[in-house]
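Engineer: A single structure is presented below for examination.
The values are calculated or read from the model by the stated rules, or taken from the named source; none is laboratory data. What you are looking at is a predicted structure, and each value in this text was computed from that prediction instead of being measured. Don't worry about glycine lacking a Cβ; one is built from the backbone with ideal geometry, like all the others, and counts go over all protein chains shown.
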């Protein structure tokens, strides 16, 4: 049996990998029920995320860690199915952005059911343990982002507004934008106000 910190790290990585495998399988099954590929389902879920808003092909590609042509093909298929539509972008740098249709939002809501078994499993842990797990996982995400292995990470731990203490308040992490304390349970995974603290390194 592996013992010590190294053995624990290996088992944590194995557990994350197992959860990832299970999550992909559950998402694949949910996508199949909607007549979608996994990439199409991921794109539809991302488009309908409250924190996403209208985004371009390139921004979706960076978030999903796939190529822009892959996103274009998935988006075109979703448009043909009546689940997405292209709208003029408000910026000058992009010609159009993708937004969901009414049926697209309904399909995305059904797709999100893939998470239910995982949520049921997490509910057995205490709120404190779940908050600690969130903090540990986001630390790993931040590390991968700093080294260029994750292109986009809109988390509190990668944001320039993160403060490690408030000048007029108690010690502890704060959001400088919201002027609010950040406990482990308050950390965001996908913040719409996120501004990166550092540019990620080039992918190795």
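Engineer: Given the criterion in contact (Cβ under 8 Å) with a residue 24 or more places away in the chain, surrounded by 15 or more Cβ atoms within 10 Å (Cβ to Cβ) and part of a helix (DSSP H, G or I), identify the matching residue among 118, 137.
Structural biologist: Values: 118 fails: surrounded by 15 or more Cβ atoms within 10 Å (Cβ to Cβ).
Going through 118, 137 in turn, just one is in contact (Cβ under 8 Å) with a residue 24 or more places away in the chain, surrounded by 15 or more Cβ atoms within 10 Å (Cβ to Cβ) and part of a helix (DSSP H, G or I): 137.
Engineer: Give me the residue from the range 93-104 that is out of contact with any strand residue (DSSP E or B) (no Cβ under 7 Å at 6 or more places or on another chain) and closer than 17 Å to residue 60 by Cβ and, out of that set, modelled with the lowest pLDDT. Can you show your working first?
Structural biologist: Let us first name the residues in the range 93-104 that are out of contact with any strand residue (DSSP E or B) (no Cβ under 7 Å at 6 or more places or on another chain), namely 93-95, 102-103.
Those still in the list that are closer than 17 Å to residue 60 by Cβ too: 93-95.
Numbers: 93: 54, 94: 51, 95: 59.
It comes out as 94.
Engineer: Could you check how many residues of the range 187-204 are at pLDDT 80 or above and either in a loop (DSSP other than H, G, I, E, B) or in the same structural domain as residue 59 (by TED's automatic domain parsing) (or both)? Let's see the steps before the verdict.
Structural biologist: At the first step, the residues of the range 187-204 found to be at pLDDT 80 or above are 187-197.
Narrowing further to those that are either in a loop (DSSP other than H, G, I, E, B) or in the same structural domain as residue 59 (by TED's automatic domain parsing) (or both): 187-195, 197.
Residues meeting the conditions: 10.
Engineer: May I ask you to verify whether residue 137 is at pLDDT 90 or above, farther than 24 Å from residue 44 by Cα and under 20 Å from the mean Cα position of the chain (by Cα)?
Structural biologist: Values: at pLDDT 90 or above: yes; farther than 24 Å from residue 44 by Cα: yes; under 20 Å from the mean Cα position of the chain (by Cα): yes.
Yes.
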